[in-house]
Amino acid sequence: MTTTLSRPAAATTRTSTMQIYNGRRYETRDELAARHGVTPRTLSTLWSEREHNDHPPAVRIDRVLHWDAEEFDQWLPQHWTPRPRRTPPPAIPEGLAGPAEFARICGHSSTSQISRWVKNPPPGFPQPDYRHPLPSGGERPYWRPERMQEWAQTDRRARPTAGRTAKAHPYAGDERLTRARRLLQDQPHITTAAAVDQLQADDDTATTSRSWTEIVRTARRHPTTEEA
């Protein structure tokens, strides 16, 4: 409901932020929004739903919608709750780098290997110097560059070179391959899809279904030995 008020000089007084009509203070949508810390768009939405939310009626003064400020102040808290402000995450300490930089230093094309090392650290792998909280509830690790460089040199020395025996396949020596082989030995007729489901159900390495599928297929091709 909207009422148009005439404005006799003796009855209505104008100030810089409100209208006084017959002793009652009236405010525009923008004025109400600023005072209550809500956006005018939100108040506009509440007004458009007035048939269902008992929104206070508006009056039109000087062709602009106004609402009785006292009546509106009592009504709004019952129909709108301000969202709590998000606390910004702490700043990442200077001089640290995350998984992407660690992967680059180690010569890896993605951060997947770094993530595996963080979850199941091999001997000598550096524990993160800092863990940055994420909105999802997880954490992103960060290291000092010199510690990443030191591990990268260790990692490179451990990789096969031309004078060493090359791996028979990418999963040679992988504990997940051992698990897959054991499952196939216990259930030789199990399908690859069923094997992946079982392995992933007990998985704590965040390995994807696609990777588990490749591991199971490798286990079928190399059931017992790592052939060069």
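The values are calculated or read from the model by the stated rules, or taken from the named source; none is laboratory data. These numbers come from a predicted model, not from an experiment. No Cβ is skipped: glycine too gets one built from the backbone with ideal geometry, and neighbour counts run over all protein chains shown. Ligands, DNA and RNA are stripped out before the accessible areas are found, and what is left, the full protein with its side chains, is counted by its heavy atoms. Shrake-Rupley method; radii C 1.70, N 1.55, O 1.52, S 1.80 Å.
Restricting the range 10-38 to residues that are at pLDDT 90 or above and closer than 15 Å to Ile61 by Cβ, the residue that is surrounded by the fewest Cβ atoms within 10 Å (Cβ to Cβ) is Asp30.
Here the range 132-165 is the region considered, the condition is being open to solvent by 70 Å² or more (accessible area, probe 1.4 Å) and of a type in the set (A, V, I, L, M), and the residue that is modelled with the lowest pLDDT is Ala162.
Scanning the range 117-125 turns up one or more residues that are of a type outside the set (D, E, K, R), in contact with a helix residue (DSSP H, G or I) (Cβ under 9 Å, 6 or more places away or on another chain) and part of a helix (DSSP H, G or I). When Arg41, Arg7 are checked against the criterion of being modelled with pLDDT of 80 or more, over 30 Å from Tyr130 (Cβ atoms) and either touching a Ser or Thr at 6+ places or on another chain (Cβ under 8 Å) or open to solvent by 60 Å² or more (accessible area, probe 1.4 Å) (or both), a single residue qualifies: Arg41. Does at least one position in the range 58-68 carry a residue that is over 35 Å from the mean Cα position of the chain (by Cα) and either at positive phi or in a helix (DSSP H, G or I) (or both)? For the range 58-68, residues over 35 Å from the mean Cα position of the chain (by Cα) and either at positive phi or in a helix (DSSP H, G or I) (or both): present.
Within the range 89-131, the set of residues being within 22 Å of the chain's Cα centre (by Cα) and loosely packed, with under 11 Cβ neighbours inside 10 Å comprises Pro89, Pro90, Ala91, Ser110, Lys119.
Restricting the search to the range 78-107, which residues are in a helix (DSSP H, G or I), without any contact (Cβ under 8 Å) to a residue 40 or more places away in the chain and under 30 Å from Gln153 (Cβ atoms)? Steps first, answer last, please.
Going through the range 78-107, the residues in a helix (DSSP H, G or I) turn out to be 78, 99-106.
Filter once more, so that each one left must be without any contact (Cβ under 8 Å) to a residue 40 or more places away in the chain: 78, 100, 103-104.
Within the range 78-107, Ala100, Ala103, Arg104 meet the criteria.
Residues of the range 60-88 that are open to solvent by less than 60 Å² (accessible area, probe 1.4 Å) and modelled with pLDDT of 90 or more: Leu65, His66, Trp67, Asp68, Ala69, Phe72, Asp73, Trp75, Leu76. The single residue among Thr218, Thr213 that is open to solvent by less than 30 Å² (accessible area, probe 1.4 Å), out of contact with any strand residue (DSSP E or B) (no Cβ under 7 Å at 6 or more places or on another chain) and among the polar types (S, T, N, Q) turns out to be Thr218. Restricting the range 170-197 to residues that are open to solvent by 80 Å² or more (accessible area, probe 1.4 Å) and under 31 Å from the mean Cα position of the chain (by Cα) leaves a set whose member that is nearest to Pro122 (Cα to Cα) is Glu175.
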